[in-house]
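Since every read-out is calculated from the coordinates, none of them should be taken as a lab result. Everything quoted here is computed from the prediction, not taken from an experiment. Using ideal geometry, Cβ is built from the backbone for each residue, glycine included, and neighbour counts are taken over all protein chains shown.
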Amino acid sequence: MTDETPAARKTRLARERKRAERKRLKDKRLAMGASKLKMEIYSGTERELEQIRTAGAFDETEHALTATIHGVAELSRRDPAAFRALIQRRGQ
């Protein structure tokens, strides 16, 4: 028999579950080659990102960014002229 109380056992098991969850997430990120992208954006860019998120019915901003990046990259391969037209700076 163990000297562990029911409350202590519950706490230990929760700690072990959380530790295993963190390890699974870390392993998944490592396998997928994940990296952090930290950037500062201003209010106009934030509004435009929200427009993309809403128009695409994305739940998360991160998903909207990922889909947009992949879509624009695919466009650059498929139709370079359309890609250049898309990314031209406004006002030029």
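When the Cα gyration tensor is reduced to axis lengths a ≥ b ≥ c, the ratio a/c is 1.5 or higher for the stretch 40-92, and with a/b not above b/c it is classed as oblate.
Ordering His70, Ala57, Phe83 by Cα displacement along the dipole of the chain toward the positive end leaves His70 in first place; charges were set at the Cβ atoms of Lys, Arg (+1) and Asp, Glu (-1). Computed from backbone phi, the HN-Hα couplings of the stretch 41-53 come to 10, 9, 4, x, 5, 5, 5, 5, 5, 5, 4, 5, 4 Hz, rounded to whole numbers (Karplus: 6.51 cos²θ - 1.76 cosθ + 1.60, θ = phi - 60°; Gly and Pro given as x). Against the main long axis of the alpha-carbon atoms of the chain, helix 6-32 sits at an angle near 30°.
The convex hull drawn around the Cα atoms of the chain, when projected onto a plane and averaged over every direction, covers 10.9 nm². Within the chain, the longest segment free of exposed loop sites, counting trypsin sites (Lys or Arg not before Pro) that fall outside DSSP classes H, G, I, E and B and have at most 14 other Cβ atoms within 10 Å, spans 39-88. Charge dipole (Cα centre; +1 on Lys/Arg Cβ, -1 on Asp/Glu Cβ; no other charges) of the chain amounts to roughly 500 debye. The alpha-carbon of Lys38 sits under 30 angstrom from the alpha-carbons of these lysines, leaving out residues fewer than 8 places away in its chain: Lys18, Lys23, Lys26, Lys28.
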